[in-house]
Amino acid sequence: MDLVKHTGGCHCGAVRFEVFASADLHVFHCNCSICTKKQNHHFIVPQKNFTLLQGFDHLTTYTFNTHAAKHTFCKICGVQSFYTPRSNPDGYGVAPHCLDPGTVRSITVETFGGEKWEESMAAHKCIRGMSKPSS
């Protein structure tokens with residue numbers, strides 16, 4: 001899979017990042033309680049493919065329940081442009097709608113049954129591997 005450099009950030013511009021991912025994004029639409037409230041859509045990348053360019057001091061984190069997911073968002077505008085998902089604590093979930101225009105060719109959306117997280121994770125064949133670096 002060929003990777004392209006995507007750039008993006010929050011609404012106010014305080015937080016900026018770059019991420020290497022396919023131009024054809026596989027995006028998850030989760031129906032767990034927080035993703036439903038935030039309308040969170042994200043694609044997953046390994047940590048090594050993500051770089052925070054600016055705004056570390058403008059980030060804050062919300063956790064709940066197992067505290068495995070780190071819901072990181074901008075303290076100024078409140079936008080979550082990326083976070084650490086419970087499914088992939090060794091990677092990042094990146095919001096495709098927070099990417100700058102011009103590098104995404106297509107988006108395929110997969111619904112993830114976060115209301116029954118444990119069952120959905122056990123049944124999903126590839127989500128855990130999405131945060132593993134490609135060889």
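The values are calculated or read from the model by the stated rules, or taken from the named source; none is laboratory data. Here the structure is a predicted model, which is why all the values come from computation and not from measurement. Every residue, glycine among them, receives a Cβ derived from its backbone with ideal geometry; neighbour counts consider all protein chains shown. Heavy atoms of the whole protein, side chains included, go into the accessibility calculation; ligands, DNA and RNA do not. Shrake-Rupley method; radii C 1.70, N 1.55, O 1.52, S 1.80 Å.
Points to keep in mind about this one:
- As a summary of the residue check, Thr108 satisfies the conditions (1) at pLDDT below 95; (2) open to solvent by less than 70 Å² (accessible area, probe 1.4 Å); (3) of a type outside the set (D, E, K, R) except for the one numbered (2).
- Whichever residue in segment 41-89 is in contact with a Cys (Cβ under 6 Å, 6 or more places away or on another chain) and not hydrophobic (A, V, I, L, M, F, W, C) and, among such residues, is least open to solvent (accessible area, probe 1.4 Å): Ser81
- Test: residue in segment 68-90 that is assigned to a helix (DSSP H, G or I) and under 12 Å from the mean Cα position of the chain (by Cα): no
- Filter result for Lys132 (modelled with pLDDT of 90 or more and open to solvent by 80 Å² or more (accessible area, probe 1.4 Å)): no
- Thr51 being within 19 Å of Ile127 (Cα to Cα) and of a type in the set (Ser, Thr, Tyr): no
- Consider segment 54-81 and keep the residues that are under 15 Å from Asn40 (Cβ atoms) and among the hydroxyl-bearing types (Ser, Thr, Tyr). The one that is modelled with the lowest pLDDT is Thr63.
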